[in-house]
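The values are calculated or read from the model by the stated rules, or taken from the named source; none is laboratory data. Keep in mind the model is a prediction, meaning the values are calculated, not measured. Glycine also receives a Cβ, built like all others from the backbone with ideal geometry; neighbour counts cover every protein chain displayed.
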Amino acid sequence: MSTDTRLRSEEKIRAVKVADTTVPLTTTVMRLGVTVDSTLSFDQHVNNVCKAAHYHVRALRRIRRCVSVDDAKAVTTALLSSRLDYCNSVLSGTSQSNLNKLQRVQNAVARTVMTTSKREHITPVLAELHWLSVAARIDFKIAVLTFNLLTTEQPSYLRELLQLRRPSRSLRSSNHNLLNIPRPHTAFVQRIFSPRCPSCLEFTPSYYHR
């Protein structure tokens, strides 16, 4: 390969030409409200969620003393919790930095609803609200989806990704409908649905952010 050819191959592709139309490339694209980036890190999506959530947290703080706790919970569920939970299963296996950003948003919401200071520990506040941490909510979403797949067999394109464990000999756990856990070789592959869902079934409801 010549030097000129190698240099051209190393240049970043900024656009592709389809027929007579030049289509520019982008590093992110939004589908169904989820910002997907080229590396599937979902960093931009998390930043967008946090930015929108913090806007509503500031608005809630201005009126918090004028509403009851129950009303504050209702507003929080409608405007904030729905944002944190929307399509949060795509964040399974995301970076700890992204989880920390979302957790700080949830902590700010919890403190605003319960009118507690930043110096107080957040775990009792989340427990009083019966709120799971962000990481636990993601695992819970996948666990519920997996349970529905095993009971209803729908949607079929996801159900076929799950394989029941078939032991070579009779065991006491043979009737427990345990799933076969694939062994991915890279951390990126561990984020896909089939390796993640068996581990999420071991979700414990007492898992609060500490």
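The residue that is surrounded by the most Cβ atoms within 10 Å (Cβ to Cβ), among those in region 62-75 that are over 26 Å from the mean Cα position of the chain (by Cα) and part of a helix (DSSP H, G or I), is Arg64. So, of the residues in region 76-88 that are in a helix (DSSP H, G or I) and touching a His at 6+ places or on another chain (Cβ under 9 Å), which turns out to be farthest from Thr28 (Cα to Cα)? Among those that are in a helix (DSSP H, G or I) and touching a His at 6+ places or on another chain (Cβ under 9 Å), it is Thr76. Among the conditions (1) out of contact with any Lys or Arg (no Cβ under 9 Å at 6 or more places or on another chain); (2) in contact (Cβ under 8 Å) with a residue 24 or more places away in the chain; (3) within 19 Å of Val134 (Cα to Cα), Asn100 misses just one, which is (2).
For region 116-158, the tally of residues that are surrounded by 16 or more Cβ atoms within 10 Å (Cβ to Cβ) and of a type in the set (Phe, Trp, Tyr) stands at 2.
For first residues located in region 141-152 and in contact (Cβ under 8 Å) with a residue 60 or more places away in the chain, partners that are in a helix (DSSP H, G or I) and lie 6+ apart or on another chain with Cβ distances below 8 Å form the pairs Ala143/Cys197; Ala143/Cys200.
The set of residues from region 100-133 being part of a helix (DSSP H, G or I), closer than 21 Å to Tyr86 by Cα and of a type in the set (Gly, Ala, Ser) comprises Ala108, Ala110.
Just the residues that are at pLDDT 85 or above and among the aliphatic types (A, V, I, L, M), please, taken from region 61-89. Within region 61-89, Ile63, Val67, Val69, Ala72, Ala74, Val75, Leu84 meet the criteria. Pairs meeting the criteria (first residue in region 46-59 and under 9 Å from Ala108 (Cβ atoms), second residue surrounded by 15 or more Cβ atoms within 10 Å (Cβ to Cβ) and of a type in the set (Gly, Ala, Ser), beta carbons under 7 Å, at least 6 apart or on different chains) are Val57/Ala108. In region 17-29, the residues that are in a strand (DSSP E or B) reach residues that are at pLDDT below 80 with C-beta atoms within less than 6 angstrom, at least six apart or across chains, in these pairs: Thr22/Ala15; Val23/Val16; Pro24/Ala15. Being part of a helix (DSSP H, G or I) and surrounded by 12 or more Cβ atoms within 10 Å (Cβ to Cβ) holds for only one residue in Val49, Val36, and it is Val49.
If I filter region 104-115 for residues that are surrounded by fewer than 18 Cβ atoms within 10 Å (Cβ to Cβ) and under 21 Å from Gly33 (Cα atoms), do I get at least one hit? Checked against the condition, which is being surrounded by fewer than 18 Cβ atoms within 10 Å (Cβ to Cβ) and under 21 Å from Gly33 (Cα atoms), region 104-115 yields no hits at all.
Just one residue in the set Val67, Val105 is touching a helix residue (DSSP H, G or I) at 6+ places or on another chain (Cβ under 6 Å) and either closer than 25 Å to Cys197 by Cβ or of a type outside the set (Gly, Ala, Ser) (or both); that residue is Val105.
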